[in-house]
Amino acid sequence: MSSALQDRLFAEIDAISLIDPHTHINPHAPAASNLAEILGYHYYTELAHSAGMPREAIEEPHLSPRQKAVRLVQYLEPLENTIQYSWLIELAQRLIGWPHERLTPANWETLYDACEACMQQPDWAEQVLARSKLEAVFLTNDFDDPLEGFDTRRYVPCLRTDDLVFHLARPGVRERLVRASGEEVHTSEGLRRAIGRLFERFCSRGARACAISLPPDFSPERVEPQAADRALQLVCRHGGEPAARDADVQTACQVLARFVFWTLAEYCTEFRLPFDLMIGVNRGVYAGGVYQGQDLYDSRVSLIQYRQLFNAFPRVTFPISVLASVTNQELASYAWIFPNVVAHGHWWYSNTPSLIERDAAHRLEAVPQTKLIAYYSDMYKLEFALPKFAMYKRVLARILAERFVIERGWSEERALLLARRILRDNVERIFYAES
Amino acid sequence: MSSALQDRLFAEIDAISLIDPHTHINPHAPAASNLAEILGYHYYTELAHSAGMPREAIEEPHLSPRQKAVRLVQYLEPLENTIQYSWLIELAQRLIGWPHERLTPANWETLYDACEACMQQPDWAEQVLARSKLEAVFLTNDFDDPLEGFDTRRYVPCLRTDDLVFHLARPGVRERLVRASGEEVHTSEGLRRAIGRLFERFCSRGARACAISLPPDFSPERVEPQAADRALQLVCRHGGEPAARDADVQTACQVLARFVFWTLAEYCTEFRLPFDLMIGVNRGVYAGGVYQGQDLYDSRVSLIQYRQLFNAFPRVTFPISVLASVTNQELASYAWIFPNVVAHGHWWYSNTPSLIERDAAHRLEAVPQTKLIAYYSDMYKLEFALPKFAMYKRVLARILAERFVIERGWSEERALLLARRILRDNVERIFYAES
Amino acid sequence: MSSALQDRLFAEIDAISLIDPHTHINPHAPAASNLAEILGYHYYTELAHSAGMPREAIEEPHLSPRQKAVRLVQYLEPLENTIQYSWLIELAQRLIGWPHERLTPANWETLYDACEACMQQPDWAEQVLARSKLEAVFLTNDFDDPLEGFDTRRYVPCLRTDDLVFHLARPGVRERLVRASGEEVHTSEGLRRAIGRLFERFCSRGARACAISLPPDFSPERVEPQAADRALQLVCRHGGEPAARDADVQTACQVLARFVFWTLAEYCTEFRLPFDLMIGVNRGVYAGGVYQGQDLYDSRVSLIQYRQLFNAFPRVTFPISVLASVTNQELASYAWIFPNVVAHGHWWYSNTPSLIERDAAHRLEAVPQTKLIAYYSDMYKLEFALPKFAMYKRVLARILAERFVIERGWSEERALLLARRILRDNVERIFYAES
């Protein structure tokens, strides 16, 4: 598989400067400060737990970073085959200069110390960005994030709206909304005004997207304000998230979710903001799992559920991520037909080489090249952009080598222009359209 | 990937004379008469629209072919990565002799003129058939098509039944049926007789298949004549397609759809006609789309929905196409178990190389070779058979090279016999069984 | 694809001694006694029937083995492309020493006679085990199997529970349960005790797993004993399997199925027995099919249906097989998150090379290596382990060559350790944990 052609293409692709269009970076602490923060990425904690590590081993209070690291390292051996483990080793080798192929109880301290030496440098985050060829990274900001104290051109705000759509039944969420917006939210009209205030603030701070993750059974629909008012009253009276037996409150929550979601789409039109939809996750499926390691999915989801939405908002661009690879063909087909649907990255459980290869190959043969956003890292710490993008770029180099240069007789230059388009140009065109 | 072995196999496969078992050719104008008719294929109009071309740009009335062509050409650049674009270029190069790799606002007129020169030749359609190695193409005829004025051995009639099954609520459809059959259709018995008349006429004109496309939620069942009578009365009284609020009329339409579908299967037994089922399309999902560019699908469909049908009609052969690649494994499994289920081609949204490779590879390893119909073009103009079949044949050559010659140690001759069987012999055996 | 690297890896993988963790071997007649028993494997009878052989041709009473064999051979030609046919030829060549590539009406008798000569040897089963490098094979035992008269270390008992969960409405099943357990089963408590007796007996005879196959719509839940009591009474009163119109009895059967299933999981905790779940089969879909050739599936199934189960039984290991390849990503993801979920083999309709390659490649990149059980043969006669495992090992060798040695730069030794782990070590660790 690996070949001179593929290696040449990879080298050129690897030189492209990137904007990472979806991450969970904290702009006030973008890089890791020690190995424990690297190993604390949920991929390692959840895989280690799945392979036998008790949750308590790492979630015990007052663990020092060194203690947490050594405990995790003890459980890494079963993960050595996974692609996630390969990110860790590539990161250690290429960013830290650590020379080994395995992280073991015998050698972990050398990596711990090497990390510490690197990460204590005051410009470490900038070094990581430079070596990763990242010019900017998009954030995932709570709706009441003050968005202050960082360079919003480097760390680009995005309005994350899961809480607004799915957790308005929690009094704490409504209080945060009142505080962030300065509006009362007892009525659908107040709610609408409050959401408008959020858009104003985010856009004034350079926000480039509104974003949300959605469960597989969600199906957006327009809701009449009167129905939203009734639902809001019922939910407020109930005073908390409803239990299974509170069927009427649950229904009210669903009405409210649809109302808020639709309202977000309306504001995306008004503020010319793309609306990132990340479709398919069920939260908290494994209640005993580690932090951030409890979510799974039901792959029986269809974009037909979004039919009304796509038709109702022709001026909103919807960059769409799907959690299960089986949804990829629908994503490609909907992006091929709907002008406002764009295929976005390779998300979470589908972010592994064999699935990326399948999914990206199909997108590249069936969707206009202007409607593909190749990849985002989804990272919590800057160090992970390098190995995750490298994984993607290797797959892309192979697809271009085999399916375009060899099979279709394209020149390498032409293939590289396509790579540049989907990795870089489209991010600019889609998210930086002048508003 | 490309290799001497694969190239040798392709060359031999490419020499096989074909019968195209499903197209939308108009036998009175089988070939294109200008470039606008080539570019007007829905793949180009819908992809160009999806990439930014307003629908009005090409659907404005009174556009000359040249105007339509130039407008489309302006929007083709974003499509250059797609496989559909490669069909266009291969067609231009191999049928028209046009030498370029891209169709642009700078060179489009040379192709327009070259097309015109070719297509004005009185024997152009015959030339295209000969160069495409096509001996016959199956049509998709409305039930009231007079089927006259063309050579039905070359252009083979097939009875398309979507209108009968799904649109009998439209008074115009019922009137067409009365006119075409000479029977009244106020009762289920009249309806049955009318459909019988259609089969008689089609079979007397050499029809080789009954065909229908089906939405993902359709599930055929036998309906009692009394229930069909009641449904028919309700639908006729209502006088048009029911709105969402007319729940009882909608139910009646569903009963009627099942009754007519089941009746078609009964006549297929009687007239020994294969019943092509094209499973999975939702019509009109994107109402704002270009002509023929509005349909999509819900990939959550199962052949278990056809369980009663396959059991009830052991003497009818069902060549089955599935719209979503995820249904391919079920198609292979059902063809492996049910004697009357045959896997048919690679349809529409699944008709791209990466999906064909996956789907065909699995069919070839799991379904008896007598039960595979390799490919059909689905074309509206003869020019598209050549590049579409070429795409399929390249994939087939790779599968045979890698999975049969190399992995299983087959001789090239043996692999080519398999190719010939599924590309040609099975079309004859399945559709030309003496009735 | 085939390469020196891949061949080297295959040779090493092929030398690993195996324990086959799921078969349908009859320990009293583990090997075939003639060619008819080989050709009688449902893969050949159902594919031959699907390709045109009348069921009666082989299910007619009083056929001699020779008659049955010749009849089947007449219908094998259409199957020559299938991977199942390649098992037959590889078996004939490698175990019987038969030199041909095709089994035809002209040469079948030479194979029949050669089989007879081999199979009459008293140590034939031991020879087959040795040449197949099989140390032990797991059985599929009815709950009332006496488990006597064979070496349970060689032929390892497993408690198959489909009848208990899904067919307790049949008086014959309840009678067998009473007889096998010595307990009355008029109440949920009696039922629970009876099932406990089965576990005691099976575990005292060295059982290593409890196993069940499940339809796609099954969704386990805890049932209150009172509800189970009411359901049991209704079912006993009804006295047989309910028809479609007996809605209340059908509901009672579902309650009972859930109660028994949950009870089995409780005993698996108590007896420390892994619970093999084989998810996704619909029985009897094609009623006119040959023996064992009537089952199919609905690929619309999700492991989210097992959410309660996986959370409720953290101490039970669930080796899970899925019938449709589309479920493979969920299986990998659930095994990645849930400590008690293990990916198990490549089952039935997904047991073909192109699907194994896709499914195994994803498992190997995303699931800890300790949580993968590579393969089982599912065979009814020992002769089939060799070609079926060989098919799997060839695919595994290719995945390791391409995705680990070449792409990730692994040494061959490291790749082979991974192979050994999933093919052998995990079977021991998961099923032979000291109880």
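Derivation of every value follows stated rules applied to the coordinates shown; laboratory data play no part. Quick caveat, the model's predicted, so the values are computed rather than measured. Because the Cβ atoms are built from the backbone with ideal geometry, glycine has one as well, and the counts that use them run over all protein chains shown.
Using the crude model of +1 on Lys and Arg Cβ and -1 on Asp and Glu Cβ, and no other charge, please compute the dipole size for the range C:93-214 relative to its Cα centre, in debye to 20. All intermediate terms of the calculation are to be shown ahead of the outcome.
Details: 17 positive and 19 negative charges, 94 e Å.
Dipole of the range C:93-214, to the nearest 20 debye: 460 debye.
Can you put A:Thr110, C:Thr82 in order of Cβ neighbours within 10 angstrom, beginning with the fewest? Could you put the intermediate results ahead of the total?
Values: A:Thr110 15, C:Thr82 23.
Ranked by crowding around the Cβ, least crowded first: A:Thr110, C:Thr82.
Beta bridges from DSSP with both residues in the protein assembly as shown: antiparallel share about 10 percent, rounded to the nearest 5. Across the range A:289-435, Cα-Cα pairs more than 22 Å apart make up 42 percent of the total. For the pair A:Glu101 and B:Asp246, what calculated FRET efficiency results from E = 1/(1 + (r/R0)^6), where r is the Cβ-Cβ distance and R0 = 60 Å, to the nearest 0.05? Taking R0 as 60 Å, the efficiency between B:Asp246 and A:Glu101 is 0.30. Here, the protein assembly as shown has an Rg and a Dmax of 31.6, 91 Å when only alpha carbons are counted.
So, by mean Cβ neighbours within 10 angstrom, what's the order for C:7-15, A:155-163, B:273-281 with the highest one leading? All intermediate terms of the calculation are to be shown ahead of the outcome.
Working: C:7-15: 16.3, A:155-163: 22.6, B:273-281: 24.9.
Put in order of decreasing packing, that is B:273-281, A:155-163, C:7-15.
Shielding of peptide A:349-356 by partners, expressed as the average count of other chain Cβ atoms within 10 Å per residue Cβ, is 6. The alpha carbons of the range A:1-44 stretch over 40, 23, 16 Å along the principal axes, in descending order. The smallest convex shape that holds all Cα atoms of the range A:161-209, its convex hull, gives 71 Å³ per residue.
For the range B:130-170, report the translational diffusion coefficient in µm²/s to the nearest whole number, using Stokes-Einstein at 20 °C, 1.002 mPa s, and a Kirkwood Rh over Cα pairs. It would help to have the intermediate numbers written out before the result.
Details: Rh = 11.8 Å.
Calculated translational D: 181 µm²/s.
Note: relative contact order over the range A:134-219, using C-alpha pairs below 8 Å and six or more positions apart, is 35 percent. With the Cα gyration tensor of chain C giving a ≥ b ≥ c as the square roots of its eigenvalues, does the rule (a/c under 1.5 for rounded; else a/b larger than b/c for prolate; else oblate) give rounded, prolate or oblate? Cα axes put chain C in the oblate bin. The dipole here belongs to the range B:383-435: it is taken about the Cα centre, uses +1 on the Cβ of Lys and Arg and -1 on the Cβ of Asp and Glu, and is about 160 debye.
Mean separation of Cα pairs under 8 Å and 6 or more residues apart, divided by the residue count, gives chain B a relative contact order of 20 percent. Taking the number of Cβ atoms within 10 Å of each Cβ as an exposure proxy, the fewest-first ranking of B:Val342, C:Val322 is B:Val342, C:Val322.
Hydrophobic, long helices, defined as DSSP H runs whose alpha-carbon span along the helix axis is 30 Å or greater and whose mean Kyte-Doolittle value is at least 0.0, occur in chain A at A:247-271. Copy-to-copy label distances for C:Pro105, where each label lies 7 Å from Cα along Cα-to-Cβ, are 6.9, 6.9 nm in order of increasing length. Only helices enter this figure: runs of n ≥ 4 DSSP H residues, each worth -39500 (n - 2.57), summed and divided by the residues of chain B, yield -13500 deg cm²/dmol at 222 nm to the nearest 500. Neighbouring Cβ atoms from other chains, within 10 Å of the Cβ of residues in C:307-317, number 2 on average. Of the residues A:Val223, A:His49, A:Ile38, the one whose Cα sits farthest toward the positive end of the charge dipole of chain A, with +1 on the Cβ of Lys and Arg and -1 on the Cβ of Asp and Glu, is A:Val223.
Per residue, the convex hull spanned by the alpha carbons of the range A:1-144 comes to 153 Å³.
When B:Asp425 is represented by a point 7 angstrom out along its Cα-to-C-beta vector, the spacings to that point in the other copies are 4.9, 4.9 nm, nearest first. Give me the distance between the Cα centres of the range A:374-435 and the range C:175-220, rounded to whole Å. Taking the Cα centre of the range C:175-220 as reference, the centre of the range A:374-435 is 55 Å away. Please report, to two decimal places, log10 I(q)/I(0) for the range B:194-348 at q = 0.09, 0.11, 0.14, 0.18 Å⁻¹ as given by the Debye formula with identical point scatterers on the Cα atoms and no solvent. The Debye formula, applied to the Cα set alone, gives -0.33, -0.50, -0.81, -1.24.
Output the direction-averaged projected area (hull surface divided by four) of the convex hull of the alpha-carbon atoms of the range A:122-247, in nm².
Details: hull surface 40.4 nm².
Average of the hull's projected areas for the range A:122-247 equals 10.1 nm².
DSSP bridge analysis restricted to chain C gives an antiparallel fraction near 10%, rounded to the nearest 5.
The dipole here belongs to chain A: it is taken about the Cα centre, uses +1 on the Cβ of Lys and Arg and -1 on the Cβ of Asp and Glu, and is about 820 debye. Pairs of Lys residues in chain B that lie 8 or more places apart, or on two chains, and have C-alpha atoms under 18 angstrom apart add up to 4. Each copy carries a label point for B:Glu135 at 7 Å from Cα along the beta-carbon vector; from one copy to the others these points are 6.0, 6.0 nm apart, nearest first. The spread of Cα positions in the range C:175-269, taken along each principal axis and listed from longest to shortest, comes to 43, 30, 22 Å.
Apply the Debye scattering formula to the range C:34-119, with a single equal point scatterer on each alpha-carbon and no solvent, then give log10 I(q)/I(0) at q = 0.17, 0.22 Å⁻¹. Summing over Cα pairs of the range C:34-119 leads to -0.62, -1.07.
Any idea what diffusion coefficient the range B:336-380 gets from Stokes-Einstein, in µm²/s, Kirkwood Rh on alpha carbon pairs, 25 °C, 0.890 mPa s?
On the way: Rh = 11.2 Å.
Value of D from the Cα-based Kirkwood radius: 219 µm²/s.
Computed over the alpha-carbon pairs of the range A:85-136, the distance histogram in 5 Å steps reads 4, 19, 27, 24, 15, 7, 2, 0 percent, short to long.
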